[in-house]
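First up is the structure itself, then whatever we jot down about it.
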Amino acid sequence: MKALLLYPQQEDSYWGLNLTRRLAGVRGIAPPLALLTVAASLPQSWELRLCDANLHPPTDEDWAYSDLVLISSILPQRRACLELVRAAKARGKTVVVGGLYPWALPQELVDAGADHVVQGESEAVVPLLLEALSSGRRGVISAPEAPSLESSPAPRFDLVTVRDYAYVVLQTTRGCPHDCEFCNVVSLYGRRVRAKPPAQVLQEFEALYRTGYRGHVFIGDDNFIGSRPRALQLLAAIKQWQWERGEPFGLMVQATVDLGRDLEMIDALTAANVGPVFIGFESTDEKVLAGSDKVHNLRQDPGEMVRTICANGLTVVGSFIVGLDGEPPGASGRVIRFLEETAVPTAMFSLLRSLPGTRLAARLEREGRALDTVPASAASDCLDLNYVPQRPVAEILQEFADLWRQAYEPSAVLARAYRYYRRMRPTRAAQAKQEGRPLAPKAAPARGPVPLDRRDLVVLCWIVWQEGFLRSTRFQFWRQLLGMAWHNRSRVDLYLMAAATAEEMISMRGSVLASHETWKRAQGGSPGPSVPDARS
């Protein structure tokens, strides 16, 4: 059997890293982990070819190669996925579609011509798919049980050129002990955290390392610290693995804000070479958090948690949602004040989307407030709501635009980055040098020296040129850069990378504000006064 594995094109968003990708000379965001995992589950006798439409559309040669087409798609790829299904059927191919999109809307894909629509995790659903292919049975194939991740194979990194991507995603757990009303993780994977054993995770690290890749790895677990004992055990294993190879991977994880109460966990994360930690704050209003069942954010002062995480060596990347039920007017001003108080340099802002399978979607349906099952778009500058909010739409969109305008005003984001990294402790090596004590040397890399990442150097050089010479904030940039070199030299690189990320977000800010102006003109005028700048 010859199979073509297709990954549809994604919409632009702040996850797209468009500017960074262009500067670093990479074409894609991250290799499609789902397809690489599915590929590893298919019979070894099959011949496989993977085409990521984000790098290039499938060619005539790709189509001619295949007997079977397998497509993995998430909801933001909905339109592109349907186009690929129709293109494959027009060429007489047998089409299989899996992923979060068919999980939510299977009949839509059946109607588009897909022969097999699979729902469930690949470890459980691939055997059922092979049986259906053998018997000729078509339609929806469901595997509702949650498989043990010990049966999950290492991704087939050999099917892609890993260096074509900005970073690589790996997964070590599925499931989350929390059940926020707007989140679909529990409906997909359950509340029980299922984990790969440390040895299995290290096998995946090793498989990626053998490709020659050295760079950024995002551990895409929805809550890396969901099982504390397991996380500490895994981090100890990763620390040793990294140490023996000269720390080839810089890691990023997702966690909850109560990480700030766990100094042992923070220390274990930094020791394993974790840098950024993505944290969902979602709102600064306690009643809103309680109403959304994000109660774990209410157990501690989030500002104090951020200051603790920062001081001990991790970078917080925050997430906030505008439009949650119970949200009082002025939400954007409160978020801006939080960012100013904590100095979090990078934050991601989203309008509330009602996702299929969530308790929010079910409640909105009961209340007659659901407009569509699926958001119109996942792009950051899409201002369409797929539900009827409790506040006027114009008011919510104005606050969303104000949030982007104020948070990513160039001088404001640079000032936050400077304050954040001034507060952070020096690196372990710098601390040892200051205290006059030796730091245990890393073991010699197991497979040759770890090369300096030229892509990061290109981005950093561009940032120095952009921020240091072209922008009106150039004097502020040089003043802060010298201040970092004087007060916390070992964190200068993080300050510069924060400036690079700021450029991405400033570009997205322009798209959001332009979309908001277009929306206002379509409504026949301005929706009302903007929220005052919290810094004034």
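All of the numbers you see were taken from the coordinates with simple rules; none came from a lab. All figures in this text were calculated on a predicted structure; none of them were measured in a lab. Cβ sites come from the backbone with ideal geometry, for glycine too, and all protein chains shown count toward neighbours.
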- Starting with the fewest neighbours, write out Arg174, Arg422, Arg137 ranked by other beta-carbon atoms found within 10 Å of each beta-carbon. Arg137, Arg422, Arg174
- Query: Sorted by mean Cβ packing within 10 Å, highest first, what order do the peptides 226-232, 114-120 take?
  - Reply: 114-120, 226-232
- All lysines inside 23 Å of Lys2 as judged from Cα atoms, apart from same-chain residues fewer than 8 positions distant: Lys89, Lys93
- Message: Quick check on the chain: helices-only [θ] at 222 nm, where DSSP H runs of length 4 and up contribute -39,500 (n - 2.57) each and the sum goes over total residues. Nearest 500, please.
- Response: -13500 deg cm²/dmol
- Message: Cut-off under 15 Å on the C-alpha distance; same-chain residues fewer than 8 positions from Lys287 excluded. Which aspartates and glutamates are left, in chain and number order?
- Response: Glu181, Asp301, Asp325, Glu327
- Message: Sequence gap at least 6, Cα distance under 8 Å: using those rules, report the relative contact order of region 285-345 to the nearest whole percent.
- Response: 42 percent
- How much net charge surrounds Pro8 when only the other residues with a Cβ under 11 Å from the Cβ of Pro8 are counted, with Lys and Arg +1 and Asp and Glu -1? -1
- Result for the chain, cysteines with no Cys Cβ partner under 4.7 Å, is Cys51, Cys81, Cys176, Cys310, Cys382, Cys461
- Message: Just to check I understand the Karplus step: with θ = phi - 60° and J = 6.51 cos²θ - 1.76 cosθ + 1.60, what whole-Hz values come out for region 382-389, glycine and proline as x?
- Response: 7, 9, 7, 9, 9, 8, 8, x
- Step through the residues of region 44-56 one at a time and calculate ³J(HN,Hα) from phi using the Karplus curve (6.51 cos²θ - 1.76 cosθ + 1.60, θ = phi - 60°), rounding each to whole Hz and writing x for Gly and Pro. 5, 6, 6, 9, 10, 9, 10, 10, 9, 5, 6, 9, 6
- Can you list residues whose amide H is under 5 Å from Val140's amide H, if they're 5+ apart or on another chain and H is modeled 1.01 Å from N? Val117
- Message: Can you compute 3J(HN,Hα) from phi for each residue in region 267-282, using the Karplus curve 6.51 cos²θ - 1.76 cosθ + 1.60 with θ = phi - 60°, rounded to whole Hz and x for Gly and Pro?
- Response: 5, 5, 5, 5, 5, 8, 6, 7, x, x, 10, 7, 10, x, 7, 6
- Query: When only Cα pairs under 8 Å and 6 or more residues apart are kept, what is the percent relative contact order across the chain?
  - Reply: 13 percent
- Message: For region 167-536, compute the orientation-averaged projected area of the C-alpha convex hull (one quarter of its surface), in nm².
- Response: 19.4 nm²
- Long-range amide H contacts for Val317: which residues qualify at under 5 Å (H placed 1.01 Å from N, peptide plane, sequence gap of 5 or more or a different chain)? Val277, Phe278, Ile279
- Task: Return the long-range amide H neighbours of Leu5 (sequence gap of 5 or more, or a different chain), with a cut-off of under 5 Å between placed amide H atoms.
- Result: Arg49, Leu50, Cys51, Leu70
- Note on the structure: Restricting to lysines and to Cα separations under 23 Å from Lys294, and discarding same-chain partners fewer than 8 apart, the set is none
